[in-house]
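Asker: This is the structure, below, for whatever I ask next.
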Amino acid sequence: MANYPFLETQFLDILAASQSVGPDTGWHARHIAIGDADRPTAFMPTYLKDHSWGEYVFDWAWADAYHRHGLSYYPKLVSAIPFTPVSGPRVRYATDANRQTLARALIDAAIEQVEEFGASGWHLLFPDEQTLTDFSDERLLRREGVQFHWRNRNYESFQHFLDQFVSRKRKMVRRERRRILEQDIQIKLLEGSEIGTELWDFFYRLYQTTYLKRSGNRGYLTAEFFQMLGSRMPDQVVMALASESEQPVACALYLRDDDTLFGRYWGCIKEYDCLHFELCYYQGIEYAIERGLSRFDAGAQGEHKILRGFEPVTTYSLHWLAHLGFTGAIDQFLTQERADNQRYIESARSVLPYRQEINDTVDATTSR
């Protein structure tokens, strides 16, 4: 995945330098590297954690089961991008490295850390298909989840994309987009250096407000994180800005690489009809079509994405648990969960808004 932003050194450094991750937040960096310390042949971001917040592969029930049996689930070791439920590579390899050999060495190193720190296990979150193949190992349990992503099927414009919908759903999207004009809201897309310090401050206030509404806290990331993101990674940052009477009222933040647009956060000062759909979905789809991107990952959860053309895809995580008894019990749980997820995916496909001939291609290609 060329130019994937979340594994870049600067992104991980920004998380640490902004104090969004670190001992005070329960993310203790224990990154694993194979080879020379300055130029490793493989590097995997890894954290020792005393909670499960900010991971989006939910294991609270596992932690509760450990507790009920008088065992400690925390600390645990997690190889992941903090606060980022986005599938992608989870290891940086040197050019021409033997990936599968190095992956096995990384697994061994992770298990050694589990034993060193007395952790309950090790978890690799949201690996892409290549990483999943590299880390194919009989010691690891595989867990599956579901997200909704948009795929670019060589669309020439947003209208071309919309033409693939059945009439009733096409009218729904047009009506939602028309509501933005009727409320006299102006939308502008900004990239990189076009996003100034004041706008980042405004966005951070929206970010905090959104988290307060959803979960009662002010979010995981600091104001410094967003300022650093804009200054250090400008080529990979996109913001959709909504204004009313020339005053900003809402923002949606995306990151991108050479292939994919990633929707990350959004917020608004008050409720506007259909504005969430416009900023978080339709603007992203238009941008992806205009820039020739093949995929738009608009973030975790959100079944309302389905009616707007986002297709169900399978996400993955890998797990190694030190306690053999719980390994067997969780393996049985995961087998049932995978079957439930497959039924859910089939159900979600059945309500996609596309014409039947398009739905047939979705059924043939829907996968991670």
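The values are calculated or read from the model by the stated rules, or taken from the named source; none is laboratory data. Everything numeric in this text was worked out from a predicted model, so none of it was measured. We place every Cβ from the backbone using ideal geometry, glycine too, and count neighbours over all the protein chains shown.
Asker: Among the candidates L181, L125, L189, L162, single out the residue that is in contact with a Ser or Thr (Cβ under 8 Å, 6 or more places away or on another chain), among the aliphatic types (A, V, I, L, M) and either surrounded by 16 or more Cβ atoms within 10 Å (Cβ to Cβ) or free of Cβ contacts under 8 Å to residues at least 40 places away in the same chain (or both).
Answerer: L125
Asker: If R90 satisfies every condition in (1) closer than 20 Å to R143 by Cα; (2) charged (D, E, K, R); (3) surrounded by fewer than 17 Cβ atoms within 10 Å (Cβ to Cβ) but one, which is the exception?
Answerer: (3)
Asker: Now for a different question. Of the conditions (1) in the same structural domain as F117 (by TED's automatic domain parsing); (2) under 19 Å from the mean Cα position of the chain (by Cα); (3) surrounded by 19 or more Cβ atoms within 10 Å (Cβ to Cβ), F58 fails just one. Which one is it?
Answerer: Answer for F58: the failing condition is (3).
Asker: Kindly provide the set of residues from segment 160-174 that are part of a helix (DSSP H, G or I) and within 29 Å of the chain's Cα centre (by Cα), ordered by number. Walk me through it before giving the result.
Answerer: Keep residues of segment 160-174 that are part of a helix (DSSP H, G or I), which gives 160-162, 167-174.
Matches in segment 160-174: H160, F161, L162, K169, R170, M172, V173, R174.
Asker: Continuing with this model, one more query. Report the residue count in segment 100-113 for those that are surrounded by fewer than 20 Cβ atoms within 10 Å (Cβ to Cβ), under 17 Å from P45 (Cα atoms) and within 27 Å of the chain's Cα centre (by Cα).
Answerer: 6
Asker: Could you list, in sequence order, all residues of segment 79-115 that are assigned to a loop (DSSP other than H, G, I, E, B) and either under 19 Å from F126 (Cβ atoms) or touching a helix residue (DSSP H, G or I) at 6+ places or on another chain (Cβ under 6 Å) (or both)? Working first, answer last.
Answerer: First pass over segment 79-115, keeping only residues assigned to a loop (DSSP other than H, G, I, E, B): 80-87, 89-91, 94-98.
Selection gives A80, I81, P82, F83, T84, P85, V86, S87, P89, R90, V91.
Asker: I'd like to check something: does segment 202-220 contain any residue that is farther than 19 Å from E271 by Cα, in the same structural domain as R256 (by TED's automatic domain parsing) and of a type in the set (A, V, I, L, M)?
Answerer: Within segment 202-220 (the criterion being farther than 19 Å from E271 by Cα, in the same structural domain as R256 (by TED's automatic domain parsing) and of a type in the set (A, V, I, L, M)), the answer is no, since none of the residues qualifies.
Asker: From the set of residues in segment 175-199 that are of a type in the set (S, T, N, Q) and assigned to a helix (DSSP H, G or I), which is farthest from P234 (Cα to Cα)?
Answerer: Applying the filter and picking the extreme gives T197.
Asker: While we're here: Going residue by residue through segment 190-208, is there one that turns out to be out of contact with any helix residue (DSSP H, G or I) (no Cβ under 8 Å at 6 or more places or on another chain) and hydroxyl-bearing (S, T, Y)?
Answerer: no
Asker: Something else now. Could you list, in sequence order, all residues of segment 17-45 that are closer than 23 Å to F135 by Cα, buried (at least 18 other Cβ atoms within 10 Å of the Cβ) and not aliphatic (A, V, I, L, M)?
Answerer: Residues satisfying the conditions are R30, P40, T41, F43, P45.
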